[in-house]
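We did not get these values from a lab; they are worked out from the coordinates using the rules stated. Here the structure is a predicted model, which is why all the values come from computation and not from measurement. Because the Cβ atoms are built from the backbone with ideal geometry, glycine has one as well, and the counts that use them run over all protein chains shown.
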Amino acid sequence: MPQTPHITFIGAGNMAQAILKGMLAAGYPQSKISASGRTQSKLDVLTADTGIRTSTDNLSLCRQADVIVLGVKPHMMGDLVQSIAPAVDTRRQLIVSVAAGILASSIETWLGQKAPIVRCMPNTPSLVGQGAAGLFATGGVSDAQKQTASIIMQSVGLALWVETEADIDAVTAVSGSGPAYYFLMMEAMIAGAEELGLSNEIAKKLVLQTATGAAEMAQQSNQTPSQLREAVTSPKGTTEQALNTFNNGGFNQLCSQAMAAAHHRSKELAQLFKA
């Protein structure tokens, strides 16, 4: 693995663009990043925005790469990997997949050979540099390649390594799908605030800032979320009444059930797209 490996993104959608733009913002050289896509006009815009090389020719970009980041939709992955297989040299190249539900073994089957593969589960806050990703490396991934994968994902937020590929399903249920859980809570709080008489504009600003402040406070504090919750909950006060309502409605159990459902679906998708 070169000191500054050449990284090619196959698929230049929102997530791939978020990652490569994050890398550029962190100082990664333009000349060491390239991306492919199906629409030349969109690639032209990306080149104008970033200065990186783009092409509709997947094979040519793969041949020059040290790291190939697979960023297409899961249902497209099989055909794509088989099409680029002639240009992949697994003796020197790392494969990084950011597609949900695609097993490393399926990628190897489509390539027709064993390969060093890192599976990543990023999330949509990566688009604003606040992502949270889980990473899993197969046995053939070197320490240098793991470091490169970390650099890629840390450019848009937190990146943590998990021990088993099955853990990626849990990451999907926690941080992959997690932003939607918070967005749902925000929606409900905004609607509730409007029912209490606030305008939509004021309700939205208060709810979003409260969410931002609570998250930042939890990040910076040495206390656990449980301790922070207790600190703001005065006996017989307004917060206690609200939390009692949540608890009486089975809030904790509902969260657990929702995450279990996401986890189950992630495992189902892995089998659905299995080679």
**Message:** Between 0 and 90 degrees, rounded to the nearest ten: what's the tilt of helix 74-84 against the longest Cα principal axis of the chain?
**Reply:** 20
**Asked** Which ³J(HN,Hα) values in Hz, rounded to whole numbers, follow from the phi angles of region 187-201 under the Karplus curve 6.51 cos²θ - 1.76 cosθ + 1.60, where θ = phi - 60° and Gly and Pro get x?
**Response** 4, 5, 5, 5, 4, x, 5, 5, 5, 7, x, 7, 6, 4, 4
**Fill in**
If unit charges are put on Cβ atoms (+1 for Lys and Arg, -1 for Asp and Glu) and the dipole of the chain is taken about its Cα centre, the option from Ile68, Pro125, Ala12 lying farthest towards the positive end turns out to be Ile68
**Request:** Place a +1 charge on the Cβ of each Lys and Arg in the chain and a -1 charge on the Cβ of each Asp and Glu, then give the dipole magnitude about the Cα centre in debye, rounded to the nearest 20.
**Result:** 580
**Request:** Hey, can you grab everything whose amide H is under 5 Å from the amide H of Gly131? Only 5+ residues off in sequence or another chain; H modelled, so Pro and N-termini drop out.
**Result:** Ser126, Gly157, Leu158
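When the dipole is taken about the Cα centre of region 1-139, and only Lys, Arg (+1) and Asp, Glu (-1) are charged at their Cβ, what size is it in debye, to the nearest 20?
Its charge dipole is roughly 100 debye.
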**Helical contribution to [θ] at 222 nm, DSSP H n ≥ 4, -39,500 (n - 2.57), averaged over the chain, rounded to 500** = -16500 deg cm²/dmol
**Request:** Answer with a single label: of [x] 154; [y] 198; [z] 125, which was calculated as volume of the Cα convex hull per residue in Å³ from the structure in view?
**Result:** [x]
**Message:** Only four residue types carry charge here, +1 at the Cβ of Lys and Arg and -1 at the Cβ of Asp and Glu. Report the dipole size of region 216-275 about the Cα centre in Debye, rounded to the nearest 20.
**Reply:** 260
**Request:** With a point put 7 Å past each Cα toward its Cβ, work out how far Thr233 is from Lys73 in nm, to one decimal.
**Result:** 4.3
**Prompt:** For Lys114 and Asp57, what does the FRET efficiency come to when R0 = 25 Å and r is the distance between their Cβ atoms, rounded to the nearest 0.05?
**Reply:** 0.45
**Complete:** Whole-Å distance linking the alpha carbon centroid of region 145-173 with that of region 108-142 is 7
**Item:** Residue-span extension gain [Ala215 to Ser256] - 0.36 nm each, minus C-alpha spacing
**Value:** 12.8 nm
**Prompt:** Roughly how large, in nm² to one decimal, is the mean projection of the convex hull of the alpha-carbon atoms in region 93-211?
**Reply:** 8.4
**Item:** Degrees between helix 143-154 axis and first principal axis of the chain (Cα, 0 to 90, nearest 10)
**Value:** 50
